[in-house]
Amino acid sequence: MQDRLLGWFDRHQRVLPWRARKGRRPDPYHVWLSEIMLQQTTVVTVGPYFEKFLKKWPSVQKLAAASQDEVLAAWAGLGYYARARNLHKCAQAVTNDYGGVFPDTEEGLLELPGIGPYTAAAIASIAFDVPATAVDGNVERVVSRFFSIEEPLPASKKTIREKAAQLAKGVSRPGDFTQAFMELGATVCTPRKPKCGLCPWKDDCAARRKGNAEELPRKLAKAAKPVRYGKVFWLSDGKGRFLIHKRAGQGLYGGMYQLPTTEWITDRKAAAKLPAPFQETIKPCPLGESVRHSLTHFDLVLEIWTAKAPRAGTVKGLEEACWIHSENIGDYGLPTLMRKAIGLCAGL
DNA sequence: TATCCGTGGCG
DNA sequence: TCGCCAAGGAT
């Protein structure tokens with residue numbers, strides 16, 4: 001089984017920016033950076049971000065020396081911004097507590113911020129060729145089908161991990177096997193229309209025998225997404241600049257910049273009211289356009305309001321705000337949602 | 001165990 | 001248009 005998969009990988013692996021040339025050990029910094037970016041994010045999306053980060057910060061020490069604002073600005077658009085905050089913390093931990101050298105074991109890696117069970121196993125095996133089974137969404141799908149596991153996720157996770165470890169036990173090339181396992185799921189054993197004819201494991205696959213590969217893995221139904229409503233404010237100084245400010249906290253968009261906004265709430269009628277501080281000091285008017293954006297747990301509709309408000313800094317919560325030109329938005333950690341809003345307003 | 005956390009592409 | 005899902009982690 002292992003040799004068939006490794007042989008298939010040797011012939012068919014994709015060329016990826018973070019992948020070492022054949023016969024060479026990859027740089028642990030590159031492996032770590034790519035693995036954090038690839039969490040819940042597609043290979044195609046990650047590519048340009050990986051190149052940008054490596055060019056900007058060629059070593060873990062350089063990344064550690066950057067400010068969080070710089071890291072979040074470079075990460076902007078990738079989503080799940082806690083990953084970027086933890087990436088920065090992890091770089092600082094490796095630099096300050098580990099002498100700039102990544103731990104080479106699963107247990108050691110697991111101690112670091114932003115590195116969970118999957119990523120620890122992935123880095124240990126890929127960067128250091130240590131035996132470790134990395135179970136991601138691809139591996140879950142391959143294993144579910146190979147053993148025809150009918151129990152739906154996430155209850156089946158434990159069984160899947162055991163079966164995956166069983167398949168990986170004693171493998172000759174742990175790093176290549178980890179990548180091959182995921183590569184098989186990403187390119188052959190795909191969620192829809194799996195290419196079973198091309199699979200190196202087709203002769204032993206239980207789901208293929210039963211003809212229900214595409215139905216696996218089964219998953220528990222997800223809850224419906226609510227809609228939240230709010231307003232964003234395009235406040236200009238009359239000289240081509242507008243106001244942004246930094247979000248606090250570690251939660252949604254924590255540490256990222258944004259246009260001033262009301263809270264985002266599900267009560268549409270309550271959201272329609274203009275908060276008193278804005279009404280009294282800024283006197284904004286509706287632009288007649290809204291920004292729609294879909295997040296993990298809710299869909300968002302933000303109505304855009306505008307005002308010429310050179311004294312907006314006097315409004316509570318906007319004391320630390322700053323005026324910027326739209327050509328400089330790349331310098332700030334503005335999430336895609338806010339870039340959409342700015343795109344509609346820039347030029348007003 | 002369950003919930004929170006972004007974004008983009010695809011069928 | 002809409003649901004799915006992508007090299008998951010933290011709490």
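The values are calculated or read from the model by the stated rules, or taken from the named source; none is laboratory data. Keep in mind the model is a prediction, meaning the values are calculated, not measured. Quick reminder, even Gly has a Cβ in these numbers, built from the backbone with ideal geometry, and neighbours come from all protein chains shown. For accessibility, only protein heavy atoms count, side chains too; no ligands or nucleic acids. Shrake-Rupley method; radii C 1.70, N 1.55, O 1.52, S 1.80 Å.
Tell me, which residue of segment A:199-232 that is farther than 26 Å from residue A:159 by Cα and not in a strand (DSSP E or B) is modelled with the lowest pLDDT?
Taking segment A:199-232 and keeping what is farther than 26 Å from residue A:159 by Cα, we get A:224-232.
Subset that is not in a strand (DSSP E or B): A:224-226.
Numbers: A:224: 88, A:225: 92, A:226: 94.
Per the stated criteria, the residue is A:224.
Would you confirm whether any residue within segment A:251-259 is more than 16 Å from DNA strand B (Cβ to nearest atom) and not in a strand (DSSP E or B)?
Start the filter on segment A:251-259 by keeping residues that are more than 16 Å from DNA strand B (Cβ to nearest atom), which leaves none.
No, there is no match, as no residue in segment A:251-259 is more than 16 Å from DNA strand B (Cβ to nearest atom) and not in a strand (DSSP E or B).
With respect to (1) more than 16 Å from DNA strand C (Cβ to nearest atom); (2) in contact with a Ser or Thr (Cβ under 9 Å, 6 or more places away or on another chain); (3) among the aromatic types (Phe, Trp, Tyr), the lone exception for residue A:298 is condition (1).
Can you go through A:161, A:192 and tell me which one is open to solvent by 20 Å² or more (accessible area, probe 1.4 Å), within 16 Å of DNA strand B (Cβ to nearest atom) and not in a helix (DSSP H, G or I)?
Numbers: A:161 fails: not in a helix (DSSP H, G or I).
So the residue among A:161, A:192 that is open to solvent by 20 Å² or more (accessible area, probe 1.4 Å), within 16 Å of DNA strand B (Cβ to nearest atom) and not in a helix (DSSP H, G or I) is A:192.
Please go through segment A:42-61 and pick out each residue that is part of a helix (DSSP H, G or I) and either in contact with a helix residue (DSSP H, G or I) (Cβ under 8 Å, 6 or more places away or on another chain) or among the hydroxyl-bearing types (Ser, Thr, Tyr) (or both). Once the filter is applied, which keeps residues that are part of a helix (DSSP H, G or I) and either in contact with a helix residue (DSSP H, G or I) (Cβ under 8 Å, 6 or more places away or on another chain) or among the hydroxyl-bearing types (Ser, Thr, Tyr) (or both), segment A:42-61 yields A:43, A:45, A:46, A:49, A:50, A:52, A:53, A:54, A:56, A:60, A:61. Within segment A:143-176, the residues that satisfy the criterion of being within 22 Å of residue A:210 (Cα to Cα) and among the hydroxyl-bearing types (Ser, Thr, Tyr) are A:144, A:148, A:156, A:159. Of the residues making up segment A:42-63, just one is in contact with a Lys or Arg (Cβ under 9 Å, 6 or more places away or on another chain) and open to solvent by less than 40 Å² (accessible area, probe 1.4 Å), namely A:63. Scanning segment A:42-81 for residues that are of a type in the set (Gly, Ala, Ser) and away from DNA strand B (no atom under 16 Å from the Cβ) returns A:59, A:64, A:65, A:66, A:67. Residues that are in contact (Cβ under 8 Å) with a residue 40 or more places away in the chain and more than 16 Å from DNA strand B (Cβ to nearest atom) within segment A:82-100 comprise A:90, A:100, listed in sequence order.
Working only within segment A:20-41, note down all residues that are open to solvent by less than 80 Å² (accessible area, probe 1.4 Å) and outside any helix (DSSP H, G or I).
Once the filter is applied, which keeps residues that are open to solvent by less than 80 Å² (accessible area, probe 1.4 Å) and outside any helix (DSSP H, G or I), segment A:20-41 yields A:20, A:26, A:27, A:38, A:39, A:41.
For residue A:209, the requirement of being open to solvent by 60 Å² or more (accessible area, probe 1.4 Å), more than 24 Å from the chain's Cα centre (by Cα) and not aliphatic (A, V, I, L, M) is met. Counting only residues that are exposed (fewer than 14 other Cβ atoms within 10 Å of the Cβ) and in contact with a Leu (Cβ under 7 Å, 6 or more places away or on another chain), how many does segment A:64-102 have? Total meeting the criteria: 0.
Residue count for segment A:147-158, restricted to those that are away from DNA strand B (no atom under 14 Å from the Cβ) and either farther than 16 Å from residue A:204 by Cβ or in a helix (DSSP H, G or I) (or both): 1. Among residues that are part of a strand (DSSP E or B), over 30 Å from the mean Cα position of the chain (by Cα), under 30 Å from residue A:269 (Cβ atoms) and in the same structural domain as residue A:331 (by TED's automatic domain parsing), residue A:235 is included.
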